[in-house]
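As structure tokens, the structure follows; a few thoughts come after it.
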């Protein structure tokens, strides 16, 4: 019952019914982590003692006839930029080793633990979430369970690898320019970047405060929805977190796709991509009954503006250490932060001005459609250490190019689910993009694609 590939909702149902003990589920997860996690380099810390104490309390609760919560007994792990009480929040850095342990859990961690989930550890990532491949200079690269010579994506690479390898059924990541969606695509998972302001970021190390999001990764739509429902809602401790009532997608996403207007994102979202990536998006769009193509105006400029905004905001958070401890950064992270710190303020102001105009232009697109479909990444997972990729006679830096299709939707905070599309030798993801606070529509589409066998997790060989 407590095997590596059991889904979170199945585990929770069995623990709630008393047919499976949380301690047994946890023992299986910890054994798998001890045996296999080193192969993928996805964990930076394992919290066995804390998880065992939580499991014992949960089993006692069930034995006493009390309801244990919707994620009862489900092991989960979090990107190591989430505060976890009692351990240091590394955020993939060397510098943060000098910080004291966190005094309390991040809001998202508290939400899942309060629902009965068992936190088993913290996960490897790109330094300060500034990257797309989780090739960490301090803690080593995260390796893809489908091919350990390849990247698991980033910056939430550990979050993707841990779920795809069967070590935990769900994980938490953060997404600024694609850092949930890229690992989801490379690792064959479902990954949600919710609307900006939908999920609290309280207790996480921010990269770019005006663009950062928190969300889950999972192997099924049902598990993704279950986690999201527990995470969403207002939080006074996060000024960005919208004061909107939560909308339980778990009860609604099974309604099918009737009435949903879908279009394939054309132009920019077909360019400089492997044919397989474009074909996967087209297949998804056709399955959802797409009425044609929509051009997202100025998507290339949006990507450029996002890179300015995120770089400048990120550099601003690290100015003291950039001055006093430059040698303790990953050189690539340091150099990008330094370059952004030297940009004139007028450049940042222009990028923010464009951002507002771009938001209005894309809002007009969503007056005609409910869901846009686009590849998550232009390429499948690159080899670790691969510096360039050749597409259509052009050569691109592979790390930067990975985020080509995710960044334009991030800068204006749109909700996106990356779905794993079946039928490729290496995993590929396709983005379902919606208007702000329309996550329910995305879950309806993702559930339909899963039910039709077009989308779905396939175990690594």
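The values are calculated or read from the model by the stated rules, or taken from the named source; none is laboratory data. Keep in mind that this is a model prediction, so the values were computed, not measured. Please note: Cβ atoms are built from the backbone with ideal geometry, for glycine as well, and neighbour counts cover all protein chains shown.
Looking at region 353-368, which of its residues are over 19 Å from residue 281 (Cβ atoms) and either out of contact with any helix residue (DSSP H, G or I) (no Cβ under 6 Å at 6 or more places or on another chain) or without any contact (Cβ under 8 Å) to a residue 12 or more places away in the chain (or both)?
Answer for region 353-368, where residues must be over 19 Å from residue 281 (Cβ atoms) and either out of contact with any helix residue (DSSP H, G or I) (no Cβ under 6 Å at 6 or more places or on another chain) or without any contact (Cβ under 8 Å) to a residue 12 or more places away in the chain (or both): 353, 356, 357, 359, 360, 361, 363, 364, 367.
Looking at region 245-361, what helices (runs of 4 or more DSSP H) fall wholly within it and have at least 3 residues that are over 23 Å from residue 428 (Cβ atoms)?
Output list reads 299-317, 319-324, 331-341.
Being under 22 Å from residue 460 (Cβ atoms) and either touching a strand residue (DSSP E or B) at 6+ places or on another chain (Cβ under 7 Å) or without any contact (Cβ under 8 Å) to a residue 24 or more places away in the chain (or both), is that true of even one residue in region 82-94?
Checked against the condition, which is being under 22 Å from residue 460 (Cβ atoms) and either touching a strand residue (DSSP E or B) at 6+ places or on another chain (Cβ under 7 Å) or without any contact (Cβ under 8 Å) to a residue 24 or more places away in the chain (or both), region 82-94 yields no hits at all.
Can you pull out every residue in region 369-393 that is loosely packed, with under 11 Cβ neighbours inside 10 Å and touching a residue at least 40 places away in the same chain (Cβ under 8 Å)?
Residue satisfying the conditions is 392 alone.
I'm checking my understanding of the structure. Among residues of region 136-149 that are touching a helix residue (DSSP H, G or I) at 6+ places or on another chain (Cβ under 6 Å) and not in a strand (DSSP E or B), which one is nearest to residue 315 (Cα to Cα)?
Here the answer is 142.
Report every pair of residues separated by at least 6 positions or lying on different chains whose Cβ atoms are under 7 Å apart, first residue within region 147-164 and surrounded by fewer than 24 Cβ atoms within 10 Å (Cβ to Cβ), second at pLDDT 95 or above and assigned to a helix (DSSP H, G or I).
As it stands, the answer is 148/39; 148/40, since those pairs meet every condition given.
Considering only region 331-350, state which residues are surrounded by 14 or more Cβ atoms within 10 Å (Cβ to Cβ) and over 14 Å from residue 309 (Cβ atoms).
Once the filter is applied, which keeps residues that are surrounded by 14 or more Cβ atoms within 10 Å (Cβ to Cβ) and over 14 Å from residue 309 (Cβ atoms), region 331-350 yields 332, 333, 334, 338.
Among the numbered conditions (1) touching a strand residue (DSSP E or B) at 6+ places or on another chain (Cβ under 9 Å); (2) part of a loop (DSSP other than H, G, I, E, B); (3) farther than 13 Å from residue 156 by Cβ, tell me where residue 237 comes up short.
(1)
Mind checking which residues of region 399-413 are closer than 20 Å to residue 153 by Cβ and modelled with pLDDT of 95 or more?
If the condition is that a residue be closer than 20 Å to residue 153 by Cβ and modelled with pLDDT of 95 or more, then 401, 402, 403, 404, 405, 406, 407, 408, 409, 410, 411 are the ones that fit.
It is to be established whether one or more residues within region 229-251 are under 25 Å from residue 401 (Cβ atoms) and touching a residue at least 12 places away in the same chain (Cβ under 8 Å).
no
So residue 14 clears everything in (1) touching a helix residue (DSSP H, G or I) at 6+ places or on another chain (Cβ under 7 Å); (2) surrounded by fewer than 24 Cβ atoms within 10 Å (Cβ to Cβ) except one condition, right? Which one?
Checking residue 14 against (1) touching a helix residue (DSSP H, G or I) at 6+ places or on another chain (Cβ under 7 Å); (2) surrounded by fewer than 24 Cβ atoms within 10 Å (Cβ to Cβ), the one that fails is (1).
Given the criterion within 22 Å of residue 189 (Cα to Cα), modelled with pLDDT of 95 or more and touching a helix residue (DSSP H, G or I) at 6+ places or on another chain (Cβ under 6 Å), identify the matching residue among 152, 117, 91.
Sole residue among the options that is within 22 Å of residue 189 (Cα to Cα), modelled with pLDDT of 95 or more and touching a helix residue (DSSP H, G or I) at 6+ places or on another chain (Cβ under 6 Å): 152.
Condition first: under 14 Å from residue 386 (Cα atoms) and outside any loop (DSSP other than H, G, I, E, B). Now tell me which residues in region 108-135 satisfy that.
Residue satisfying the conditions is 135 alone.
Any residue that is closer than 18 Å to residue 230 by Cα, at pLDDT 95 or above and surrounded by 13 or more Cβ atoms within 10 Å (Cβ to Cβ) - is there at least one of those in region 97-105?
Checking region 97-105: at least one residue is closer than 18 Å to residue 230 by Cα, at pLDDT 95 or above and surrounded by 13 or more Cβ atoms within 10 Å (Cβ to Cβ).
Can you name the residue in region 194-252 that is on the phi > 0 side of the Ramachandran plot and surrounded by fewer than 22 Cβ atoms within 10 Å (Cβ to Cβ) and is also farthest from the chain's Cα centre (by Cα) among such residues?
233
Write out, first by first residue and then by second, each pair whose Cβ atoms fall under 7 Å of each other, whose residues are 6+ apart or on separate chains, and whose first residue, in region 293-312, is on the phi > 0 side of the Ramachandran plot while the second is part of a helix (DSSP H, G or I) and surrounded by fewer than 21 Cβ atoms within 10 Å (Cβ to Cβ).
298/361
Are there any helices (runs of 4 or more DSSP H) wholly within region 150-234 with 2 or more residues that are in contact with a strand residue (DSSP E or B) (Cβ under 9 Å, 6 or more places away or on another chain) and under 21 Å from residue 444 (Cα atoms), and if so which?
Counting at least 2 such residues, we get 181-186, 221-231.
Among the numbered criteria (1) in contact (Cβ under 8 Å) with a residue 40 or more places away in the chain; (2) within 29 Å of residue 155 (Cα to Cα), which single criterion is violated by residue 21?
Only one criterion in (1) in contact (Cβ under 8 Å) with a residue 40 or more places away in the chain; (2) within 29 Å of residue 155 (Cα to Cα) is unmet by residue 21, namely (2).
Going through region 405-428 one residue at a time, which ones are surrounded by fewer than 24 Cβ atoms within 10 Å (Cβ to Cβ) and either more than 19 Å from residue 301 (Cβ to Cβ) or touching a strand residue (DSSP E or B) at 6+ places or on another chain (Cβ under 6 Å) (or both)?
Those that are surrounded by fewer than 24 Cβ atoms within 10 Å (Cβ to Cβ) and either more than 19 Å from residue 301 (Cβ to Cβ) or touching a strand residue (DSSP E or B) at 6+ places or on another chain (Cβ under 6 Å) (or both): 422, 423, 424, 425, 426.
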